[in-house]
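Okay, so here's the structure we're looking at.
Read-outs throughout are calculated quantities, based only on the coordinates presented, and are distinct from any laboratory measurement. A quick note: this is a predicted structure, and the numbers were derived from the prediction, not measured. Note: ideal-geometry Cβ built from the backbone for every residue, glycine included; neighbour counts use all protein chains shown.
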Amino acid sequence: MACHGTGSAPEDLHTALLLFTRFGGLRVLEIKGFEETWQAVNWRLSHVRGHHANYDGESVLLAARRLMQRKERRKVLFVMCDGLPGPDYDEDAVAHADHLHAVVKEITETTPIELIGIGIGAPAAKKFYPRFVNVSNTAELPTIIVSQLKSVLL
């Protein structure tokens, strides 16, 4: 899931942030807080909506930094996307896609984070995440996420 703050970054997650410049604002949603139960947030999952100007690489990097600060041994990060990283204004779409590739590579190669991409209504997750699943409707998200989490943890 995504995060709101950055905190201090572990040394192994800082280089990917230097690959591009963005002009638009960064909107990062936290769908489930660390202390919240799945029962408390199930309704949020079915109300997820896409927005333009998706700075996916930067959002994933911020979420990974926050997750790395946790003491738990197992770390699983779900990333939901509704298509390709979509820059705003006149930004370079290829640079944003390259940035997301670099971030995913850095996370998977240098951290214990298990990264799972969930494509919502679009197959783009398979282009960026080694482990991914696609859903056609947000109503499927609670079932898919619990299923993916079980397969990772059991």
Problem - Contour excess over end-to-end distance, with Cα ends at residue 37 and residue 94 and 0.36 nm allotted per residue - result: 16.8 nm
Handout entry: ³J(HN,Hα) computed for each position of region 93-101 - Karplus, 6.51 cos²θ - 1.76 cosθ + 1.60, integer Hz, glycine/proline x
Key = 4, 5, 4, 5, 5, 4, 5, 4, 4
Exercise for the section: Could you rank the peptides 33-39, 77-83 by their average count of other C-beta atoms within 10 Å per residue, with the highest value first? Expected result: 77-83, 33-39
Practice task
Just check region 38-153 against the gyration tensor rule for me: Cα atoms, a ≥ b ≥ c as the square roots of the eigenvalues, rounded for a/c under 1.5, and otherwise prolate or oblate depending on whether a/b exceeds b/c.
Solution key: oblate
Handout entry: Neighbourhood charge, 14 Å Cβ-Cβ cut-off, centred on residue 128 and excluding it, Lys, Arg +1 and Asp, Glu -1
Key = -1
